[in-house]
Amino acid sequence: MKNTVLLAVFAFFFTKIITAQHCSEPTIPNTTAYAKLQDGMGFIGSYALPCIAQGTYTEVQTPLKNFHFIKHLNGDDTVYAMRIESISNLPDGMCWVTNKSDNTFAAGEGGSLIVRGTTNDNVGQYNLKIIVSFDIDGSGNFGRANENYNKVSKSGRMILRVNALGTACPGIQYSLPGNVSGSETSIITDK
């Protein structure tokens, strides 16, 4: 009986993580807002994104512009393409999709990431966990994966904010750890 209960709990959490994040539609319109980003900027800064109001369908479009080079300890790697593999810790009820059906962007190419849905998750900020991989030799192999790659935004991370319907969108506090998607309590405290 104990093993059955543990398996059921594991299956619930595994299903929640897998099914709740990526939207089913393969493409979205591209507003070309990425043209405002300098080459190699990654995603637009979190501070420029509107809040997601609790209980209301919301779409947050995030312009991006792919890198030409990525830095590491041994120098720079040329980027032929970048693929967004996964994005997690979105507020419950929200999903993500890009304007490219395979979520792959050539070096210097602009595009859009959109987060949409309706959430009743906790008010606060959500630090997204973004996994990207790079083709660094032009072979079409995406072998170099990076979790929360440090050039995704100026702060090194993307943050979404959830506010209560009818309240002002709070500023981002980069020093706070953020909420955990779907948690009963917020880990952000306003002191």
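Determine which member of the set 64, 90 is assigned to a loop (DSSP other than H, G, I, E, B) and either under 19 Å from residue 136 (Cβ atoms) or modelled with pLDDT under 95 (or both).
90
Kindly indicate whether any position in the stretch 127-144 is over 23 Å from residue 79 (Cα atoms) and part of a strand (DSSP E or B).
Yes, that holds for at least one residue.
Of all residues in the stretch 158-189, how many are more than 25 Å from residue 44 (Cβ to Cβ) and either surrounded by 10 or more Cβ atoms within 10 Å (Cβ to Cβ) or at pLDDT 80 or above (or both)?
5
The values are calculated or read from the model by the stated rules, or taken from the named source; none is laboratory data. Just so you know, these numbers come straight off a predicted model, no measurement behind them. Cβ coordinates were reconstructed from backbone atoms using ideal geometry, including for glycine residues, and neighbour counts include every protein chain displayed.
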